[in-house]
Amino acid sequence: MKRLKFSMAVCMICFLTMTSCSAAEVPANDKDVTAEPLAAGTTQTATFSDVPADAWYAEAIAYCQQHGIMSGTSATVFAPEATLTRAMLATVLHRMSGTPAVSDAPVFTDAVAGSWYSDAVSWAAKNSIISGYGGGTFGVNAPATREQAVTILWRYAGEPEGSAVADISDAASVSAWAQAAVRWANANGILEGMTNNRRFDPKTNIKRGEVASMLYHYLSNTTSSQPGPAAGGKTLVAYFSATNTTRPLAEYAADILGADLYEIVPEVPYTDADLAYYTNGRADREQNDSTARPAISGSVENMADYDAIFLGYPIWHGQPPRIISTFLESYDLAGKTIVPFCTSHSSGYSDSSIKSLAPGANWITGRRFAGGTSRSTVEEWINGLNLPQPAVDAVTSATSKAGFNFETKSVTLNSGYEMPINGLGTYSLHDKTCVNAVKSALASGVRLIDTASAYGNEEEVGQAIREAIDEGIIKREDVFVITKIYPGSEMANPEQSIQACLDRLDIGYVDMMLLHHPDRNDVKAYQAMEKFVEEGKIRSLGLSNWYVEELESFLPRVTVTPALVQNEIHPYYQENDVIPYIQDLGIVVQGWYPLGGRGHTAELLGDEVISGIAKAHGVSSAQVILRWNLQKGVVVIPGSSNPDHIKENTELYGFELTDAEMAQINALDRNEKHDWY
Ligand code: NAP
């Protein structure tokens, strides 16, 4: 029935309109085709009159045609330069997924039930691959932009992590919601053919030839790569599946990983009545009782042999079934890596109730999948996991998840510029004290200096830098200078204020300018800073004292995504919810008051936990706090006028805090802000 519906739709729509013919995406041979990985080097020449054999997309189009993912707009025409609508993209991905059956009609006001795209649209929405277009619509006929298409593919792939930065010159123009996807696509060669001189042009509508190229690179790259987990060790996939929803995913995972498969079988099987929700049946009662431990039939005999355990389960009432608790408590899992994966209809991922049941295990945040998830999605997720590899020299070679390179002591910003990850803050330093502090820092190897118009010391900072250049200590390009413009009259007259900062510093260009605080004129001020970036007078932009709500409202109103957010962060005020939110946007986080700020440093540096850890490593409390920040992916700019302290604050790379020490410091959080903003 479904095939007939598709075929009729092809005829109808192709008859009516050729170029935007969505149904032309249906395989010409009227056959349901699942995308299979193509053996390396395999190609097939497409027979389209508008696809020359030497065109850059010819191989990709041949691949997509061969695998039934895309076909021509007619038997002889592919229309590689034509755009592709969001409904077409949904159809292509639905087909790539093996055209899973769909029971729901589309919920969008512009999606017609029973149309050629309706199954695909319902499937894409239900699996959170394509969200609505606004106002309850799907944007059925809206052309997909490049960043939309890449984001949709990224969601299809299970939102894998990519690199910390995208190697494209216009990364800053990528919308905040698309940043992670573009970084992933860039890291995996998926943007090939969509960049020109490293320019991606994210807002340009994607063309059919580019879509073919994107899918070709995605499928050929992701299906040929080998998963990294359990390098040097053995992996077990253990799963519980009362209704056979989790089972296929566990089987895929075991196959992909080359792992042993173990089913957690209850001694007393669950009947349909046991599983009926809100009947006070067995599952209801167990989930309401955190001490319930349903017995398991049999056990894993050789658990000691496994280094990594992938643990699969459904979500019942928002949590793993209690039999998973029984499983975890039955073994000594200390030192093993546990990677949960769960299935649910609508609940989110959940592992918080079970993590404490495997003391000493290394838990990796896993993923929730919808029932019927494809093998390729599971494979992409597994390949994207960053599991511990044996024998890594963390102190010298670690690159943190925030993209910090501990060898070069720097991070590459989304603007493409490199910034040191430790620097000097100059708040409250004035006159000679400020000049001396900055020069002392530069002589100690510090290459990041933070100032602000409001600190009233830009002239002294500029003077110190110019003197250090004249004395041959640094070149201008060696040092990264941040300054800020202030709310009120400065942001009301931004061009004037920005130029005044440049004049006071008098060091040519400014590496980064921040808006010091949110203000009613902040968007206008930011837009003015964008113009200075275009003129080459400022290199990167950022914000200070912007938290989740402020970012949510601000980001959609500006073109260039900020490269950095500077907020108060120290062990007594940790912002553990805000930091990952900002980092996930591809924005670097920098902490002010890293040592608690003047008036608070004594208490923080004297904290028993911190000084105990410092003693264990033979370093100072200040160094422990600064290193803790770096390991969390937070850039540090401690303030000091004391040359010994300044030097000490650079010596952060010869030791590493253990996970347990990081956890001890994390536990010191008091949500205690040391300034009002
Ligand atoms: P901080 O770095 O938390 O603390 C500075 C204090 O720590 C100074 O009293 C300094 O004294 C002491 N100190 C530094 N290194 C030390 C060490 N190794 N051992 C013992 N004591 C040490 O506070 P901050 O300077 O106010 O903040 C850091 C920077 O963040 C500022 O300078 C500024 O650039 C920035 N900031 C930004 C905002 C914003 O709204 N964006 C707000 C506040 C601050 P000595 O001089 O004796 O070393």
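Annotations
- Boolean, N576 is within 12 Å of the ligand (Cβ to nearest atom) and open to solvent by 10 Å² or more (accessible area, probe 1.4 Å): no
- The set of residues in region 534-554 being surrounded by fewer than 18 Cβ atoms within 10 Å (Cβ to Cβ), in contact (Cβ under 8 Å) with a residue 24 or more places away in the chain and within 21 Å of E159 (Cβ to Cβ) consists of V548 alone.
- The residues on offer are A176, A171, A157, and the sole one that is at pLDDT 85 or above, of a type in the set (G, A, S) and under 22 Å from R86 (Cβ atoms) is A176.
- Contacts under 6 angstrom Cβ, first residue in region 448-467 being within 10 Å of the ligand (Cβ to nearest atom), partner open to solvent by 20 Å² or more (accessible area, probe 1.4 Å) and part of a helix (DSSP H, G or I), 6 or more apart: none
- A60 touching a Phe, Trp or Tyr at 6+ places or on another chain (Cβ under 6 Å), within 13 Å of E210 (Cα to Cα), in the same structural domain as Y133 (by TED's automatic domain parsing) and part of a helix (DSSP H, G or I): yes
- Within region 126-176, being over 27 Å from I382 (Cα atoms), in a helix (DSSP H, G or I) and aliphatic (A, V, I, L, M) holds for one residue alone: A172.
- Listed by position, the helices (runs of 4 or more DSSP H) inside region 565-634 whose residues that are more than 22 Å from E552 (Cβ to Cβ) number at least 1 are 601-605, 608-617, 621-631.
- Inside region 597-627, residues that are away from the ligand (no atom under 13 Å from the Cβ) and closer than 17 Å to G654 by Cα make up a count of 5.
- Residue in region 381-412 that is modelled with the lowest pLDDT, counting only those that are open to solvent by 40 Å² or more (accessible area, probe 1.4 Å) and touching a strand residue (DSSP E or B) at 6+ places or on another chain (Cβ under 7 Å): T399
- Complete set of residues in region 628-654 that are among the small types (G, A, S) and within 12 Å of the ligand (Cβ to nearest atom): G639, S640, S641
- Contacts under 9 angstrom Cβ, first residue in region 632-647 being under 13 Å from G423 (Cα atoms), partner more than 6 Å from the ligand (Cβ to nearest atom) and of a type in the set (F, W, Y), 6 or more apart: V634/W628; V635/F404
- The listed residues are G639, G654, G633, and the only one of them that is on the phi > 0 side of the Ramachandran plot and either crowded, with 16+ Cβ neighbours inside 10 Å or not charged (D, E, K, R) (or both) turns out to be G633.
Okay, residues lined up against (1) surrounded by 19 or more Cβ atoms within 10 Å (Cβ to Cβ); (2) outside any strand (DSSP E or B):
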position	(1), (2)
S290	no, yes
A304	no, yes
I323	yes, yes
F341	yes, no
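- Every residue from region 349-372 that is among the aromatic types (F, W, Y) and part of a loop (DSSP other than H, G, I, E, B): Y349
- Selection status of Q179, under 27 Å from I382 (Cβ atoms), open to solvent by less than 40 Å² (accessible area, probe 1.4 Å) and in contact with a Lys or Arg (Cβ under 9 Å, 6 or more places away or on another chain): no
- Within region 657-677, the set of residues being open to solvent by less than 70 Å² (accessible area, probe 1.4 Å) and more than 15 Å from I610 (Cα to Cα) comprises E672, K673, H674, D675, Y677.
- Filtered residue count, region 81-101, keeping only those that are part of a loop (DSSP other than H, G, I, E, B) and either surrounded by 24 or more Cβ atoms within 10 Å (Cβ to Cβ) or among the polar types (S, T, N, Q) (or both): 3
- Those residues of region 102-122 which are open to solvent by 20 Å² or more (accessible area, probe 1.4 Å) and in a helix (DSSP H, G or I), in sequence order: D119
This table checks each residue for (1) at pLDDT below 90; (2) closer than 21 Å to I354 by Cβ.
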| site | (1), (2) |
| --- | --- |
| P266 | no, yes |
| D272 | no, no |
| L275 | no, yes |
| A283 | no, yes |
| S299 | no, yes |
| D307 | yes, yes |
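- Qualifying residue in region 101-124 (condition: touching a residue at least 60 places away in the same chain (Cβ under 8 Å), within 27 Å of N414 (Cα to Cα) and of a type in the set (G, A, S)): no
- Total residues in region 516-539, condition under 23 Å from G416 (Cα atoms) and either within 20 Å of the chain's Cα centre (by Cα) or within 16 Å of the ligand (Cβ to nearest atom) (or both): 4
- The one condition from (1) more than 8 Å from the ligand (Cβ to nearest atom); (2) surrounded by 19 or more Cβ atoms within 10 Å (Cβ to Cβ); (3) among the charged types (D, E, K, R) that E568 does not meet is (1).
- In the set (1) at pLDDT 90 or above; (2) assigned by TED's automatic domain parsing to the domain that holds R368; (3) open to solvent by 60 Å² or more (accessible area, probe 1.4 Å), K207 fails one condition alone, (2).
- Verdict on D50 being at pLDDT below 85 and surrounded by fewer than 22 Cβ atoms within 10 Å (Cβ to Cβ): no
- Qualifying residue in region 521-538 (condition: closer than 15 Å to D450 by Cα, of a type in the set (K, R) and in the same structural domain as E459 (by TED's automatic domain parsing)): no
The values are calculated or read from the model by the stated rules, or taken from the named source; none is laboratory data. On a predicted model such as this, the values are computed, not experimentally measured, just so you know. Using ideal geometry, Cβ is built from the backbone for each residue, glycine included, and neighbour counts are taken over all protein chains shown. For accessibility, only protein heavy atoms count, side chains too; no ligands or nucleic acids. Shrake-Rupley method; radii C 1.70, N 1.55, O 1.52, S 1.80 Å.
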